[in-house]
1. Condition test on VAL43, is it at pLDDT 90 or above and closer than 21 Å to GLY136 by Cα?
2. Any chance you could count how many residues in the range 121-168 are open to solvent by 10 Å² or more (accessible area, probe 1.4 Å), at pLDDT below 90 and under 23 Å from LEU425 (Cβ atoms)?
3. Hey, any hits in the range 696-717 for a residue that's under 30 Å from LEU661 (Cβ atoms), aromatic (Phe, Trp, Tyr) and open to solvent by 40 Å² or more (accessible area, probe 1.4 Å)?
4. Go through the range 248-299 and give me each residue that's more than 30 Å from the chain's Cα centre (by Cα) and of a type in the set (Ser, Thr, Tyr).
5. How many residues are among the hydrophobic types (A, V, I, L, M, F, W, C), in contact with a Leu (Cβ under 8 Å, 6 or more places away or on another chain) and not in a strand (DSSP E or B) when one looks only at the range 330-353?
6. Looking only at the range 265-281, which residues are closer than 30 Å to GLN718 by Cα and either open to solvent by less than 50 Å² (accessible area, probe 1.4 Å) or among the charged types (D, E, K, R) (or both)?
7. Going by the conditions given, is ALA2 open to solvent by less than 10 Å² (accessible area, probe 1.4 Å), at pLDDT below 85 and either assigned to a helix (DSSP H, G or I) or closer than 19 Å to VAL118 by Cβ (or both)?
8. Residue pairs, Cβ under 7 Å, 6 or more apart or interchain, first in the range 721-738 and under 17 Å from PHE625 (Cβ atoms) and open to solvent by 20 Å² or more (accessible area, probe 1.4 Å), second among the hydrophobic types (A, V, I, L, M, F, W, C) and part of a loop (DSSP other than H, G, I, E, B). List them.
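The values are calculated or read from the model by the stated rules, or taken from the named source; none is laboratory data. On a predicted model such as this, the values are computed, not experimentally measured, just so you know. Cβ coordinates were reconstructed from backbone atoms using ideal geometry, including for glycine residues, and neighbour counts include every protein chain displayed. Note: accessible area is taken over every heavy atom of the protein model, side chains too, but ligands, DNA and RNA are not part of it. Shrake-Rupley method; radii C 1.70, N 1.55, O 1.52, S 1.80 Å.
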Amino acid sequence: MATTVAIGAIVTPAHAQDNALTATDENVIIVTAQRRAENVQNVPISITALDSGALEQANIVNALDLGNLVSNFNVQRAAQAANVRVTIRGIGAPGNSATEPSVATFLDGVYIPRTGSVIGAFLDIEGVEVLRGPQGTLFGRNASVGALSLRSAAPKDTLEGVVSAEFENFDRYMVKGVVNVPLSDNLAIRAAGQATWFDGFFTNRFDGNRFGNSDEVAGRFSVKGDFGNVTWTARADYSRTTGDGLTNNDFDPSSVSAAQIAALTTRLGGNFPDTNLDDLVANHRLIGDLRDQQWGLSSTLEVDLAGGFALKMINSYRDWKNEQEDGDVIFLPVNLIDRQGGYRSKSHNHEFQLISPEEGLLGGALDFVAGLYYFSEDFDITSNATLGAQFCNVLVGPVQRANCNALLASTGGVNAGASDFNQSLESFAAYTQANINLSDHLSFVIGGRWTKESKDGRYVQLLNNPFYAALRAAENVDLTLDDDRFTYRLGLNYQPTSDILLFASYSTGFKSGGFNSGGGNQALGQRRLVGRETVENIEAGIKSEWFDRDLTANLTFYRMDIGGYQDRAFDGTSFIVRNAGNLRHQGFEFDVVARPLSGFNLNASVAYLDSEFTSYVGASALPGFTGTQDLTGGRAHFAPEWSGNMGAEWRLGLNGSGLELVSNANLSFVSDAFVGGVTDNNPQTKQQGYALLGARLALEGLTNGFTIALYGRNLTDQAYSITRFYQTVNGPLGLNNGVFPGSTGVRSQRANPRTYGVAVTYRF
């Protein structure tokens, strides 16, 4: 798919932050997907581009909402706040481990290494680009199935600003402001800030408290100087989120037998977790304390050289720290185990680019982008378990129960087991991509990137309580990995008219190998090493505009073959990442935008995804079984066969009032999909298809700058599972094989309910 406009807010052009082209038509959208500013309709890749107006009209406040507008793309947060999964075309990776992401995320051209740090507020974001398919040539390692590029607004040469406030149900309040000040003819600054207070969606029957709350503050300061042939933009950003960090994970009563529920209820003293998957109520012991903080500095220096060449230098430093205490991690209405987890990523990027003249070389026959790249990261993961008062009585057998309780009484259960994982990474790359224009209508694309990287890591698991050995084994191991890889792109573009582009390409990508960073009930040693994941992708498509750009229709067919697929397995107590097998994802992405009347826009998008393991003989066994199973011919998880959206926007001027009424609606949908964290094709982890409806009605002041808007998300209050996961320690709790061989107790993380609110904005 080559979605080029926003769903339901499609009349405002998106402008590139650097090397910006001037869009003379309001329907032209400018992107930087190929490292230079271009009309998105001339970019021969599958891309969705959304500008700031589109994000506002669709009530997109962070990356978690983007899936409602972008087909074949999703962002999900699991029970632990750092565990964020970003997927494109059904491929992604969990974020609460050392596993590298499959979708590379960039902010103002700077690589963000950990997906757990990308779900903060979209503060003063000017544009969002979702690039599907391997982007290994221009965006590098870990863009093996695509990239997410965020562009913050750069300072401008005009005095302007915006102040807004939102008031939403569930006691969510937000205020934000942006001011842009030109200091001189060639120097401007821009400052943006935002604060959000939220009391949470859910109520815990166990203690009567609400949970899921969060408070967030974020700020960004930018300065831009334009000194003739030199342009320099510097940015500093900071965000902090605090709250309990908790989600609602109810127990699915259909996943086990009535006898198993009765037995566990007796074991828990007559109390049982909440089993209504559609409500906003939980019933288990909950404690939570989340502190997430990140900040970054970036500098982009552009120099125009003789002959139309340009140099660009991007330098940055980013620091992300996430600390969360959560419990009970067994999700039962008794005091069993609490967890204190920590994540710390410190990284810096340095990139040097040489860009050929915009009009090309050799009479327009050649243009290119070339670059050198360096990335370094120090990453740490810590975890500490505290055993609760009922740990021994519920999880330890009768013979050892007295000894366990005696030890628990003497130690208090604190620091029963502590783990520390640390990793240092260095990555070097050199790349180039060129367009060879064979004629006015036919061009050839060729590009390549060589990457070399090294990783050193260490995993230490201390076992301070012998009864915790059922969950974690003591371990101390050093890890080393060195790798290099050449990825490339070949493409052929044919443009018979200025409004039609036919393209075909073959591209490759890879996701870096790495280390298992989690604990288990067996020491893994060198089995912690995970090899690289490789991708080969074939695409063919058409981008077209009709009736003086009043109709846009784009279609892309693709086939991705993933080798050495990095999959996460679970043995009932621990997760292990491994190179599982080979996977083929193929399908098409289609979108259409129509503007039949002035101020009235319609859009629709649909994606089809055929997922099949071409080889997976060692897949995780179903719960309660040992060994493995053969999932060859099976389907990957988080890969719905169908997804899409449709929307409409109508702008109506109110005669003589200076006001404009803007109505906007969007319906997104996905079909059935496995959403279990372990790839085993267990039907208990399948989420049925659903649709989400969002809308916005705004009264905009054409002369005085005021806007007041009513908005809503998930207006039909659709209840569905973001993810489904197995009840921890399901075997000792007696929950296996109660419904069918391979069944077990399943937890469902409920998605957000219906939200609605009012927003007031003043622009000057």
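1. No: the conditions fail for VAL43.
2. Here the count works out to 1.
3. Taking the range 696-717 first, the residues under 30 Å from LEU661 (Cβ atoms) are 696-717.
Then keep just the ones that are aromatic (Phe, Trp, Tyr); that gives 706, 711.
Next cut, open to solvent by 40 Å² or more (accessible area, probe 1.4 Å) only: 706.
Checked against the condition, which is being under 30 Å from LEU661 (Cβ atoms), aromatic (Phe, Trp, Tyr) and open to solvent by 40 Å² or more (accessible area, probe 1.4 Å), the range 696-717 yields at least one hit.
4. Across the range 248-299, the qualifying residues are SER254, SER257, THR265, THR266.
5. Pass one, the range 330-353, residues among the hydrophobic types (A, V, I, L, M, F, W, C): 330-332, 334, 336-337, 352.
Narrowing the set further to residues that are in contact with a Leu (Cβ under 8 Å, 6 or more places away or on another chain) leaves 330, 332, 334, 336-337, 352.
This time we only want the ones that are not in a strand (DSSP E or B), so: 330, 332, 334, 336.
Matching residues across the range 330-353 total 4.
6. To start, the set of residues in the range 265-281 that are closer than 30 Å to GLN718 by Cα comprises 265, 271-281.
Hits for the range 265-281 are THR265, PHE272, PRO273, ASP274, LEU277, ASP278, ASP279, LEU280, VAL281.
7. Values: open to solvent by less than 10 Å² (accessible area, probe 1.4 Å): yes; at pLDDT below 85: yes; either assigned to a helix (DSSP H, G or I) or closer than 19 Å to VAL118 by Cβ (or both): no.
The answer is no for ALA2.
8. That search, which allows pairs on different chains as well, returns GLY738/VAL256.
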